[in-house]
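Asks: Attaching a single structure in structure tokens format; questions to follow.
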Amino acid sequence: MKKIWTYLALGGVLLTTGCSKFDEINTNPETPSTVRPSMLATRIVLNLARQSNTKGFMQPYMLTKEIAWTELTESYQYNSLGERDISMMAINDAHFMAKFATSDALANSYNGLMYFARAMKFYDATMSVGDIPYKDALKGETEKIYFPKYDTQKEVFLGILNELELADKLFAEGVKFDGDPIFSGDIIKWRKLVNSFALNVLIQLSKKDADGELNVKERFKSIFINKPIFEGNADNFQVTHEDKADQTYPFYKVSNSFVIYPIVSTEIIDRLKQYQDRRLFYYANPSALQIANGKQSNDFNAYVGTDPSLSFSEIAELKKKNDYSKLNDRYTELVSGEPTQQYSYAHLCFVVAEAAARGWVAESPVNWYKKGIAASMKFISDNTPNTAQFTHNMPLDEGYINLAVTTYGNQFPVSPEGQLEAIITQKYLASYLQGVMTPYYDYRRTGYPKWKINPASSLNSVAPQKIPVRWRYPALEYNYNASNLDEAMKRQYDGNDEINQLMWILK
């Protein structure tokens, strides 16, 4: 009994004398005790800018027919789309950044980032499936809305455009902010990105340019004339890579067992050979068989594309012959690779060229077309070591770029439809392993580039002669928000959640 009371007394001493030190003892001095907006900003910016690693990095480029995959039959390569995540949870914390800002001007900057992040994420979601929750989205914590209603795609796009306009206004009223690994908090660069991205959104609405409420053409013209937009490759929204954990190029060879599977498609190689475009020598390696047969690595004919629409067994047989072009070594052998872009100056130039060809702005389509090609070539040249391993002795130097751009300009078509095809095709060639889904969105909107479709190998069972135009809604929505999803499905697709159904933006 005496021992028991001794222990109780000792416990009492600990409670009275030690409790005050409990928090101190159990606090990690290396862990922040308060939230800083910069911490949230870093995570949100990287979520917007980064791409997947290894095989995941290559999968979008199978859908855009830049890559043929030789490991096994890939659904994206063979025109089968499954479900697509439309969750917004990755940017949920964006709404809290301004709360922790130390001044009104700083809060404006963080709110500008919040609105841009929302616009980019909602854009990606609606472009994938059609109608999505928008007005009720991300309100589970603040307003206890756990089952958000679906808004029409038109309502979503109106919201996206309004949020981009608000983001630009807030950045204009803001100051440099911390936590930005891309532009170091430079609000001018963020304004350029916001407005350039808005032009991209508007060009994707080209089929709706007669809609008075959207006012696509006037919005585009107003932004182009009155607001800051990208002016060069230094403005690119891109991630640079280096030899640090989680910062290497997404397809770098170390810890990447998939480097042996991608080969370059005819859709890329044949077009570059047609134009005698030296970007070929930076995108691909020559065919081993052609080199063995005496061709030099600086010979266009040493490069052999593989038709990605061939059946997997046919591609496997071709690979056995060693008569194909794999990726240029710079994508696998260099830890830094090249910066990976979500949106670039070259991309913007082709957007403006298309708008000019459509008569939306009083600009020369061919001039912006040439600017886009030059920006693409300069980006590649600036981010590639000037050695034969990577350039195959066909450098993209200033003299060549000037000559190539002039040649492309002289060949620019006269007819509006011919101009559209040329612009989208060059935008595609500039997007090699860049821009993720943008070439797919352009293809389903315009039909360009004219990708080859093989019904015999297609996994699009409903329409094997077509490339599908959307993903299906995720199973989680059917499980937890079924009534709202059902309403949206009936409104859009007669209740048929199928990959060939046309969403509003494509009608």
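Asks: With the requirement that a residue be surrounded by 24 or more Cβ atoms within 10 Å (Cβ to Cβ) and among the aliphatic types (A, V, I, L, M), what does segment 360-374 give you?
Replies: Across segment 360-374, the qualifying residue is only ILE373.
Asks: So, one more: Which residue, of ASP136, ASP131, ASP180, is in contact with a strand residue (DSSP E or B) (Cβ under 7 Å, 6 or more places away or on another chain) and acidic (Asp, Glu)?
Replies: Values: ASP136 fails: in contact with a strand residue (DSSP E or B) (Cβ under 7 Å, 6 or more places away or on another chain); ASP180 fails: in contact with a strand residue (DSSP E or B) (Cβ under 7 Å, 6 or more places away or on another chain).
After applying the criteria, what remains is ASP131.
Asks: Pick from GLY409, GLY495: which is farther than 22 Å from THR64 by Cβ and part of a helix (DSSP H, G or I)?
Replies: GLY409
Asks: Cβ-Cβ distance below 6 Å, separation of 6 or more or different chains: which pairs start in segment 414-426 with a residue that is in contact (Cβ under 8 Å) with a residue 24 or more places away in the chain and basic (Lys, Arg) and end on one that is outside any loop (DSSP other than H, G, I, E, B) and surrounded by fewer than 12 Cβ atoms within 10 Å (Cβ to Cβ)?
Replies: Between residues of segment 414-426 that are in contact (Cβ under 8 Å) with a residue 24 or more places away in the chain and basic (Lys, Arg) and residues that are outside any loop (DSSP other than H, G, I, E, B) and surrounded by fewer than 12 Cβ atoms within 10 Å (Cβ to Cβ), there is no close pair.
Asks: Give segment 172-188 a look and list any residue that's over 15 Å from ASN47 (Cα atoms) and touching a helix residue (DSSP H, G or I) at 6+ places or on another chain (Cβ under 6 Å), or say none.
Replies: GLU173, GLY174, VAL175, PHE177, ASP178, ILE187 - these are the residues of segment 172-188 that are over 15 Å from ASN47 (Cα atoms) and touching a helix residue (DSSP H, G or I) at 6+ places or on another chain (Cβ under 6 Å).
Asks: Is at least one residue of segment 453-470 over 21 Å from MET377 (Cα atoms), out of contact with any strand residue (DSSP E or B) (no Cβ under 8 Å at 6 or more places or on another chain) and part of a helix (DSSP H, G or I)?
Replies: No, segment 453-470 contains no residue that is over 21 Å from MET377 (Cα atoms), out of contact with any strand residue (DSSP E or B) (no Cβ under 8 Å at 6 or more places or on another chain) and part of a helix (DSSP H, G or I).
Asks: Can you pull out every residue in segment 45-71 that is touching a helix residue (DSSP H, G or I) at 6+ places or on another chain (Cβ under 7 Å), assigned to a loop (DSSP other than H, G, I, E, B) and not basic (Lys, Arg)?
Replies: GLN51, THR64, GLU66, THR70
Asks: I want to confirm something. Restricting to segment 426-441 and keeping residues that are over 23 Å from ARG470 (Cβ atoms) and assigned to a helix (DSSP H, G or I), which single residue is nearest to the chain's Cα centre (by Cα)?
Replies: ALA430
Asks: Looking only at segment 57-115, count every residue that is over 19 Å from LEU46 (Cβ atoms), acidic (Asp, Glu) and in contact (Cβ under 8 Å) with a residue 24 or more places away in the chain and tell me the total.
Replies: Of the residues in that region, 3 qualify.
Asks: Quick check: anything in segment 172-185 part of a helix (DSSP H, G or I) and within 21 Å of ILE223 (Cβ to Cβ)?
Replies: Looking through segment 172-185, at least one residue is part of a helix (DSSP H, G or I) and within 21 Å of ILE223 (Cβ to Cβ).
Asks: Check whether at least one residue in segment 464-480 is among the aliphatic types (A, V, I, L, M), closer than 26 Å to LEU310 by Cα, crowded, with 17+ Cβ neighbours inside 10 Å and in contact with a Gly (Cβ under 7 Å, 6 or more places away or on another chain), and report yes or no.
Replies: Among the residues of segment 464-480, not one is among the aliphatic types (A, V, I, L, M), closer than 26 Å to LEU310 by Cα, crowded, with 17+ Cβ neighbours inside 10 Å and in contact with a Gly (Cβ under 7 Å, 6 or more places away or on another chain), which makes the answer no.
Asks: Say whether the condition of being over 30 Å from THR73 (Cα atoms), within 26 Å of the chain's Cα centre (by Cα), without any contact (Cβ under 8 Å) to a residue 60 or more places away in the chain and surrounded by 19 or more Cβ atoms within 10 Å (Cβ to Cβ) is met by at least one residue in segment 344-359.
Replies: Yes, some residue in segment 344-359 is over 30 Å from THR73 (Cα atoms), within 26 Å of the chain's Cα centre (by Cα), without any contact (Cβ under 8 Å) to a residue 60 or more places away in the chain and surrounded by 19 or more Cβ atoms within 10 Å (Cβ to Cβ).
Asks: Let me ask another. Taking segment 204-230 as the search range and keeping residues that are surrounded by fewer than 19 Cβ atoms within 10 Å (Cβ to Cβ) and under 17 Å from ALA172 (Cβ atoms), which one is nearest to the chain's Cα centre (by Cα)?
Replies: Across segment 204-230, the extreme among qualifying residues is LYS227.
Asks: Checking the condition modelled with pLDDT of 95 or more and out of contact with any Pro (no Cβ under 7 Å at 6 or more places or on another chain), which residue from THR70, THR27, THR17 passes?
Replies: Selected residue: THR70, the only one of THR70, THR27, THR17 that is modelled with pLDDT of 95 or more and out of contact with any Pro (no Cβ under 7 Å at 6 or more places or on another chain).
Asks: Taking segment 121-144 on its own, how many of its residues are farther than 25 Å from TYR343 by Cα and among the acidic types (Asp, Glu)?
Replies: Count: 3.
Asks: Every residue in segment 117-142 that is in a loop (DSSP other than H, G, I, E, B) and either surrounded by fewer than 24 Cβ atoms within 10 Å (Cβ to Cβ) or aliphatic (A, V, I, L, M) (or both), please.
Replies: LYS135, ASP136, ALA137, LEU138, LYS139
Asks: Go through segment 281-313 and give me each residue that's in contact (Cβ under 8 Å) with a residue 40 or more places away in the chain and closer than 23 Å to GLU338 by Cα.
Replies: Those that are in contact (Cβ under 8 Å) with a residue 40 or more places away in the chain and closer than 23 Å to GLU338 by Cα: PHE281, TYR282, TYR283, ALA284, ASN285, PRO286, SER297, ASN298, GLY305.
Asks: Also: Could you look through segment 159-199, keep only residues that are crowded, with 24+ Cβ neighbours inside 10 Å and among the small types (Gly, Ala, Ser), and pick out the one that is nearest to PHE237 (Cα to Cα)?
Replies: SER196
Asks: Another one. Please list, ordered by residue number, the helices (runs of 4 or more DSSP H) wholly in segment 340-391 having 3 or more residues that are within 24 Å of LYS208 (Cα to Cα), at pLDDT 95 or above and not polar (S, T, N, Q).
Replies: In segment 340-391, the matching helices (runs of 4 or more DSSP H) lie at 345-357, 365-382.
The values are calculated or read from the model by the stated rules, or taken from the named source; none is laboratory data. Computed from a predicted structure; not experimentally measured. Cβ sites come from the backbone with ideal geometry, for glycine too, and all protein chains shown count toward neighbours.
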